Every structure is written in C-alpha cells, then in structure tokens.
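Q: Could you have a look at this structure, given as structure tokens, before my questions?
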Amino acid sequence: MRLLLDAQFSGRVVGRHLRSQGHDVVALNEHREFEGIDDAEVLTLATEDGRLLVTHNVHDFPDILREWAEAGHEHAGCVIVVGIGLDQFGLLIRSIEAAIERVPRQEDWLNRSMHVGRSAAIPSNK
C-alpha cells in the first residue's frame, strides 16, 4: 500500500514499521520541505502521488473531505486515527494496519475515508 503519514506521525517509528511490512511510506515529518504545509495541501500531495493519507487530525480533515466531495474533487483515500495518543505507537500501527486489512486494494480507497481507533487496534477473539 502507498501511504502518506501526516506530520503528527513518527516516520522513525510508525513509518519504519509499516515499511518493514512492505508498504511504500512517505512520512511528512521526515521531509523538511513539507514542514508547515496546510491540511488541504497534504491531501493534494497524497492524491497527486496516489497515496492513502493517514492523519490524526480529526478536527480538520472531515471538513476538508466533505468540501472536496461537494466540489467533485477526487482523493486517494484517507484514514483518520482517533482516540489514540501519538506516543502510543503500537496502537497507532495496529489501527492503521486494521484499516488496510479492511480495504487491502489501493484502488478501492479512491474517495473513501475511514475513522479508526482503539477498537480497530485491539484484536477480537473471533
């Protein structure tokens, strides 16, 4: 899966783990040239590069995604992680992996968004 991790996520920890699982990951916090870009630009960057955006910004991205949908703009997909601290690396990684497991094909993320949180990160006993 091609992923773009928003600036809140540690590329060193979260990005490295996802890369070790075979994902093609760009982590914004590993690239100085992306420092300070606004949220709509982050979604544009992900879309132009065909990457699923992973963000922790539940405050802004639902509105941006709605605005894009209303304007007829396509995006490459967005996972919004909620209710997990940015220092809870294991839970963050498991929630991202759970989203990818639910929708494993890159092309199926087109214009799709998903909120994931603790319940996605904790395996069930099924």
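The values are calculated or read from the model by the stated rules, or taken from the named source; none is laboratory data. Note that the structure is a prediction, hence the values are computed from the model and not measured. FYI the Cβ positions are ideal-geometry reconstructions off the backbone, even for glycines, and counts take in every protein chain you see.
Q: Arg66: of a type outside the set (Ser, Thr, Tyr), at pLDDT below 95 and surrounded by fewer than 16 Cβ atoms within 10 Å (Cβ to Cβ), yes or no? Working first, answer last.
A: On the way: of a type outside the set (Ser, Thr, Tyr): yes; at pLDDT below 95: no; surrounded by fewer than 16 Cβ atoms within 10 Å (Cβ to Cβ): yes.
In short, no.
Q: Considering only residues that are closer than 17 Å to Arg112 by Cα and of a type in the set (Phe, Trp, Tyr), look in the range 53-98 and name the one that is nearest to the chain's Cα centre (by Cα).
A: Taking the range 53-98 as the starting set, the residues that turn out to be closer than 17 Å to Arg112 by Cα are 53-58, 60-82, 95-98.
Restricting the remaining residues to those that are of a type in the set (Phe, Trp, Tyr) gives 61, 68.
Working: Phe61: 11, Trp68: 17 Å.
Ranking the qualifying residues of the range 53-98, first place goes to Phe61.
Q: Turning to a different aspect of this structure: Considering the range 25-82 alone, what residues qualify as being among the charged types (D, E, K, R), closer than 18 Å to Phe9 by Cβ and in contact (Cβ under 8 Å) with a residue 24 or more places away in the chain? Working first, answer last.
A: Applying the first criterion (among the charged types (D, E, K, R)) to the range 25-82 yields 30, 32-33, 35, 38-39, 41, 48-49, 51, 60, 63, 66-67, 70, 74.
Filter again for closer than 18 Å to Phe9 by Cβ, leaving 30, 32-33, 35, 38-39, 41, 49, 51, 60.
Selection gives Glu35, Asp39, Asp49, Arg51.
Q: Please go through (1) in contact with a helix residue (DSSP H, G or I) (Cβ under 9 Å, 6 or more places away or on another chain); (2) in a loop (DSSP other than H, G, I, E, B) for Arg12 and return the number of the only condition it doesn't satisfy.
A: Only one criterion is unmet by Arg12, namely (2).
Q: Can I ask one more? Taking only the range 59-82 into account, find how many residues are outside any helix (DSSP H, G or I) and closer than 17 Å to Leu5 by Cα. Break it down stepwise before answering.
A: As a first pass, look at the range 59-82 and keep what is outside any helix (DSSP H, G or I): 59-60, 72-82.
From what's left, closer than 17 Å to Leu5 by Cα: 59-60, 75-82.
Final tally of qualifying residues: 10.
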